[in-house]
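Colleague: This is the structure, below, for whatever I ask next.
The values are calculated or read from the model by the stated rules, or taken from the named source; none is laboratory data. As the structure is a computational prediction, the values presented were derived from the model and not from experiment. A quick note on method: Cβ atoms are made from the backbone with ideal geometry, for glycine too, and the neighbour counts reach across all protein chains shown. Note: areas computed on protein heavy atoms with side chains; ligands, DNA, RNA excluded. Shrake-Rupley method; radii C 1.70, N 1.55, O 1.52, S 1.80 Å.
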Amino acid sequence: MKNQAYRMAMLFDFYGDLLTERQKEFYDLYYNDDLSLAEIAENYDITRQGVRDIIVRAEKTLEDIEEKTGLIQRYHRTRATTATLKELCEQIQTLNRNRLGDSELNALCAQLSEAIDDLGRE
């Protein structure tokens, strides 16, 4: 269940602005504020089924967009690759410190580490 909630949050974070205002509002109330369908329906004076239909349509829209763009998948791959690069850079720096003591190599590793950090912030 946690994975589904995480996925829905990621979809909303990436593509939420592409939903209608009503879809955004109901989706946010349901997933982020943890309101039930009945609570949302009562607050907006519509049926529980009406709320469900709006949320299901929003979910479908977000899933379709992700299927077409793959941005979230790319985001996760980039984060994993960035973490790997960061670790490899740290290993090179450690080897250099312990074996070579080359200041040029150390400077290059520092630049590489900074570039990796920049990628991680995007």
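Colleague: If residue 11 satisfies every condition in (1) free of Cβ contacts under 8 Å to residues at least 24 places away in the same chain; (2) closer than 25 Å to residue 76 by Cα but one, which is the exception?
Modeller: The one condition residue 11 does not meet is (1).
Colleague: Within the stretch 86-108, can one find any residue that is at pLDDT 85 or above, closer than 29 Å to residue 3 by Cβ and within 16 Å of the chain's Cα centre (by Cα)?
Modeller: no
Colleague: Name every residue in the stretch 1-28 that is more than 16 Å from residue 65 (Cβ to Cβ), modelled with pLDDT under 95 and not in a loop (DSSP other than H, G, I, E, B), in order of residue number.
Modeller: 2, 3, 4, 5, 6, 28
Colleague: Ok, one more. Tally time: how many residues in the stretch 1-32 are within 10 Å of residue 55 (Cα to Cα) and polar (S, T, N, Q)?
Modeller: Number of matching residues: 1.
Colleague: Still on this structure, please answer the following. What is the number of the single condition among (1) without any contact (Cβ under 8 Å) to a residue 60 or more places away in the chain; (2) in contact with a Phe, Trp or Tyr (Cβ under 9 Å, 6 or more places away or on another chain); (3) within 18 Å of residue 4 (Cβ to Cβ) that residue 30 does not meet?
Modeller: (2)
Colleague: Can you pull out every residue in the stretch 29-40 that is open to solvent by 80 Å² or more (accessible area, probe 1.4 Å) and modelled with pLDDT of 95 or more?
Modeller: Selection gives 39 alone.
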